[in-house]
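Chemist: Before I ask anything, here is the structure I am working with.
The values are calculated or read from the model by the stated rules, or taken from the named source; none is laboratory data. Remember, it's a predicted structure, so these values are computed and weren't measured experimentally. Neighbour counts are summed over all protein chains in view; Cβ atoms, including those assigned to glycine, are modelled from backbone coordinates with ideal geometry. Surface areas here come from the heavy atoms of the whole protein model, side chains and all, with no ligands, DNA or RNA. Shrake-Rupley method; radii C 1.70, N 1.55, O 1.52, S 1.80 Å.
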Amino acid sequence: GQQVMQIPQYQHVQEGEDFTTYCNSSTTLSNIQWYKQRPGGHPVFLIQLVKSGEVKKQKRLTFQFGEAKKNSSLHITATQTTDVGTYFCAGYTGNQFYFGTGTSLTVIP
Amino acid sequence: NAGVTQTPKFRILKIGQSMTLQCTQDMNHNYMYWYRQDPGMGLKLIYYSVGAGITDKGEVPNGYNVSRSTTEDFPLRLELAAPSQTSVYFCASSPGTGVYSNQPQHFGDGTRLSIL
C-alpha cells in the first residue's frame, strides 16, 4: 500500500541550530502538505506544495518538493523554542492524503 | 467562528461497548475526514466524505461507521469497542468541490479514547 515515510523520527537541537525533516513517498504525489502539531494539540496546516521542484519560504521555514514529486523536505533555520512540536508531511495521491510518521522536534534552550 | 468542534474530549469505554464521536464544522466545507493517531505515529484516515449523503472508506475503516446527513456534521460510530481502537481521534474538514479535494485541512482538538 501507499506509504509516506519521514526521517528522522526524533531530533533534539540546541536553540539557534538548524533542523531538517525529510519525507519520502513510494509513489508520485499530486501535491504535498506540511502540518505542525504542538504537544497535546491538533495538526495545524503550514503550507502546500504542488509543482515539481517547488520551493516555498515562510520566515525561517523553507519547504521543498522534489523534482520527481516523491519527496519533500522542511528546513528550519536558527530554531527557537517556539518551534517545538511534531512536523508531519501529508502526500496526496489516489484521492487521499497519506500522512507521514512525523518528526518530533525538541529545542534545548 | 468555532471551526471544527469535536465531542467528547476524553472517554473511557469497556470492551464491547459502543459510542459515537461527534464532529461539527461551521465553515461550510464540503469535505470532512476522520483520522486516528496512535502514540508516536502519523494520522491514519478512517473515513471521509465529499458532501452530505456521500461517504467513503479510508486506510483503516474496519470497526467504524460514519454518516453524513448534513454538511455540518460527520459522526463516527464505534459499534463493538476493542482495545486496538484506543487512540486519539481527529476530525477535519476542507473546502473544495468535485470528487476530491487537495485543500488544507482544518482539524478539531481531538477525542482521546481509551478502551479497557
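Chemist: Select from the range A:14-38 the residues that are away from chain B (no Cβ under 12 Å) and either within 26 Å of B:Asp38 (Cβ to Cβ) or open to solvent by less than 50 Å² (accessible area, probe 1.4 Å) (or both) and list them in ascending order.
Modeler: Those that are away from chain B (no Cβ under 12 Å) and either within 26 Å of B:Asp38 (Cβ to Cβ) or open to solvent by less than 50 Å² (accessible area, probe 1.4 Å) (or both): A:Gly16, A:Phe19, A:Thr20, A:Thr21, A:Tyr22, A:Asn24, A:Ser25, A:Ser26, A:Thr27.
Chemist: In the range A:1-13, what count of residues is obtained for those that are farther than 22 Å from B:Tyr35 by Cα, of a type outside the set (S, T, N, Q) and either away from chain B (no Cβ under 13 Å) or buried (at least 17 other Cβ atoms within 10 Å of the Cβ) (or both)?
Modeler: Adding up the residues that qualify gives 2.
Chemist: Can you pull out every residue in the range B:19-37 that is open to solvent by 50 Å² or more (accessible area, probe 1.4 Å) and part of a loop (DSSP other than H, G, I, E, B)?
Modeler: B:Asp26, B:Met27, B:Asn28, B:Asn30
Chemist: Among the strands (runs of 3 or more DSSP E) confined wholly to the range B:45-111, which include 1 or more residues that are open to solvent by less than 70 Å² (accessible area, probe 1.4 Å), of a type outside the set (Val, Ile, Thr) and in contact (Cβ under 8 Å) with a residue 60 or more places away in the chain? Quick ask: steps written out before the conclusion?
Modeler: Numbers: elements: B:54-57, B:64-66, B:76-78, B:87-94.
Result: B:76-78, B:87-94.
Chemist: Scanning the range B:100-114 for residues that are modelled with pLDDT under 95 and facing chain A (nearest Cβ under 7 Å), which turns out farthest from B:Thr20 (Cα to Cα)?
Modeler: If we take residues in the range B:100-114 being modelled with pLDDT under 95 and facing chain A (nearest Cβ under 7 Å), then B:Asn102 is farthest from B:Thr20 (Cα to Cα).
Chemist: If you scan the range A:62-109, which residues turn out to be buried (at least 19 other Cβ atoms within 10 Å of the Cβ), of a type in the set (Ser, Thr, Tyr) and at pLDDT 95 or above?
Modeler: Answer for the range A:62-109, where residues must be buried (at least 19 other Cβ atoms within 10 Å of the Cβ), of a type in the set (Ser, Thr, Tyr) and at pLDDT 95 or above: A:Ser72, A:Thr79, A:Thr86, A:Tyr87, A:Thr103.
Chemist: Return the total of residues in the range A:85-109 being under 13 Å from the mean Cα position of the chain (by Cα) and part of a loop (DSSP other than H, G, I, E, B).
Modeler: Count: 3.
Chemist: With a cut-off of at least 1 residues that are in contact with a Ser or Thr (Cβ under 8 Å, 6 or more places away or on another chain) and of a type in the set (Val, Ile, Thr), name the strands (runs of 3 or more DSSP E) lying wholly within the range A:1-59.
Modeler: Fully inside the range A:1-59 and qualifying: A:4-7, A:10-14, A:19-25, A:31-37, A:55-58.
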